[in-house]
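The values are calculated or read from the model by the stated rules, or taken from the named source; none is laboratory data. Values in this document were obtained by computation on a predicted structure and should not be read as measured data. Neighbour counts are summed over all protein chains in view; Cβ atoms, including those assigned to glycine, are modelled from backbone coordinates with ideal geometry. Please note that ligands, DNA and RNA were not included when accessible areas were found on the heavy atoms of the full protein model with its side chains. Shrake-Rupley method; radii C 1.70, N 1.55, O 1.52, S 1.80 Å.
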Amino acid sequence: MLKIEGARSLEKQRFFPFFTRFRNNAKYFAIVGLGSNIAPEKKRFKELFRKLMNDKRIKILSTSSLLINKAFGYEAQKDFYNAVIVVQTILHARALLKLLLFYELKFKRVRSFKNAPRTLDLDLLYFSKKNRQDEYLHLPHKGVKDRISVLLPLGELAQKGRL
């Protein structure tokens, strides 16, 4: 079996992975990264999935399995649960980012210090093949090509033809 540094395991649970062939008429496609290392991570991801499914501005197309991986940056903390979600949306990039930050707050995200433990971390990784660098938004997301927490879940979706 292939061992990848930092990756502990891949887990499946309800909605992770998920796939639908049905699309809507929304103009944009985005890939969102999910992360959490404050319990109950799996329950929180399920609740977020349900909230996003009920949000008329977003259509979830697919999700990866859950990757459990070693914390990076500040390493003296619990392992992270990570996944990616592919969505279709009517929102432009900055509005989608604002919505993601709203969901982080709804799930009681606190930014106490850089790379601190978190209830929910939502990152806008890619957005309709757009490149953007300003004080609020970096597309693609900074470090996306270097993070195992993004590469493995994206690789899983690509392998299954779900990107």
Handout entry: Members of Lys78/Lys98; Lys27/Lys78; Lys43/Lys145 lying beyond 31 Å, as alpha-carbon distances in this model show
Key = Lys27/Lys78
Fill in the blank from the handout: Among (1) 2, 10, 18, 20, 18, 12, 9, 5, 3, 2, 1, 0, 0; (2) 2, 9, 19, 23, 23, 16, 7, 2, 0; (3) 2, 9, 14, 19, 18, 14, 9, 6, 4, 2, 1, 0, 0, the entry matching P(r) over Cα pairs in 5 Å bins from 0, in percent as calculated here is (2)
Handout entry: Computed accessible area, Lys142, all protein chains, 1.4 angstrom probe, square angstrom
Key = 120 Å²
Handout entry: Contour excess over end-to-end distance, with Cα ends at Asp55 and Phe102 and 0.36 nm allotted per residue
Key = 15.7 nm
Completion exercise
Sorted list, accessible surface of protein heavy atoms, 1.4 Å probe, largest first, for Tyr103, Tyr28, Tyr136, Tyr126 is Tyr136, Tyr126, Tyr28, Tyr103
Problem - Cβ-placed point charges (K, R +1; D, E -1), dipole of the stretch 90-144 about Cα centre in debye, nearest 20 - result: 60 debye
Exercise for the section: Scan the chain and report its longest stretch carrying no GluC sites (Glu not before Pro) that are both in a DSSP loop and have at most 10 other Cβ atoms within 10 Å. Expected result: 6-74
Handout entry: Modelled FRET efficiency - R0 25 Å, Leu163 with Glu11, Cβ distances, 0.05 increments
Key = 0.75
Practice task
List the residues whose amide H sits under 5 Å from the amide H of Asp55, counting only those 5 or more places along or on another chain, with H placed 1.01 Å from N in the peptide plane.
Solution key: none
Fill in the blank from the handout: If the label point sits 7 Å along Cα→Cβ of Phe72, residues of the stretch 8-25 with amide N under 14 Å come out as 8
Practice task
Rank these residues by their accessible area, most exposed first, probe 1.4 Å: Ser9, Ser64.
Solution key: Ser9, Ser64
Problem - Most to least accessible of Ile90, Ile148, Ile60, Ile38 (protein chains only, probe 1.4 Å) - result: Ile90, Ile38, Ile148, Ile60
